[in-house]
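Here's the structure we're looking at; comments come further down.
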Amino acid sequence: QVQVMESGGESVQPGGSLRLSCKASGYLFSTYDVGWYRQAPGKQRELVAAITSDDNTNYADSVKGRFDVSRDNAKNMLYLQMGSLKPEDTAVYYCNVRRTWGTPKDYWGQGTQVTVSS
């Protein structure tokens, strides 16, 4: 089992920046694809940004150019640097750790709230 925990969610003003962090347990972190999802009220959970075990990245069109996803395998950490924040970025952000080998399996954090408002 992999334990996952996000932190860094805050209330910020439009145009502001925020950095989310995710800590995962275990010694196989570097072999997992990891990413950030978000869910706004009444909306489906959607992929925001992901980074694979071989450091390929993928971003939702809505955040491309504004958000940057990175990982530090030595620390079992995943980060999301968010800039030029918009009210529509308001959501609960979830860290996802995905095992793609063997039987695929997803591990999720509890979520961290990001609110962008004036």
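The set of residues in segment 80-113 that are part of a strand (DSSP E or B), touching a residue at least 12 places away in the same chain (Cβ under 8 Å) and either acidic (D, E) or closer than 20 Å to Q13 by Cα (or both) comprises L80, Q81, M82, A91, V92, Y93, T112, Q113. For V2, the requirement of being open to solvent by less than 50 Å² (accessible area, probe 1.4 Å), at negative phi, part of a loop (DSSP other than H, G, I, E, B) and not basic (K, R) is met.
Taking E46 as the residue in question, decide whether it is modelled with pLDDT of 95 or more, of a type in the set (D, E) and closer than 18 Å to L18 by Cα. Considered against the rule, which asks whether it is modelled with pLDDT of 95 or more, of a type in the set (D, E) and closer than 18 Å to L18 by Cα, E46 comes out as no.
When L18 is tested against (1) in contact with an Asp or Glu (Cβ under 9 Å, 6 or more places away or on another chain); (2) open to solvent by 40 Å² or more (accessible area, probe 1.4 Å); (3) closer than 18 Å to S117 by Cβ; (4) of a type outside the set (G, A, S), only condition (2) is not met. Condition check: outside any strand (DSSP E or B), out of contact with any helix residue (DSSP H, G or I) (no Cβ under 8 Å at 6 or more places or on another chain) and under 18 Å from G15 (Cα atoms). Does S62 satisfy that? Considered against the rule, which asks whether it is outside any strand (DSSP E or B), out of contact with any helix residue (DSSP H, G or I) (no Cβ under 8 Å at 6 or more places or on another chain) and under 18 Å from G15 (Cα atoms), S62 comes out as no. Would you say R71 is assigned to a strand (DSSP E or B), within 16 Å of the chain's Cα centre (by Cα) and closer than 22 Å to S118 by Cβ? Criteria not met by R71.
In this structure, does S17 turn out to be farther than 19 Å from Q3 by Cα and among the hydroxyl-bearing types (S, T, Y)? Spelling it out, S17 is indeed farther than 19 Å from Q3 by Cα and among the hydroxyl-bearing types (S, T, Y).
Within the bounds of segment 21-35, is there any residue that is assigned to a strand (DSSP E or B), among the aromatic types (F, W, Y) and open to solvent by 20 Å² or more (accessible area, probe 1.4 Å)? Scanning segment 21-35, I find no residue that is assigned to a strand (DSSP E or B), among the aromatic types (F, W, Y) and open to solvent by 20 Å² or more (accessible area, probe 1.4 Å), so the answer is no.
Taken together, the residues in segment 59-73 that are open to solvent by 50 Å² or more (accessible area, probe 1.4 Å) and closer than 19 Å to V92 by Cα amount to 4.
The values are calculated or read from the model by the stated rules, or taken from the named source; none is laboratory data. Note that the structure is predicted; figures quoted are calculated from it, not measured. Here the Cβ is made from the backbone with ideal geometry for all residues, glycine too, and neighbour counts use every protein chain on show. Side chains included, ligands, DNA and RNA excluded: accessible areas come from the protein's heavy atoms. Shrake-Rupley method; radii C 1.70, N 1.55, O 1.52, S 1.80 Å.
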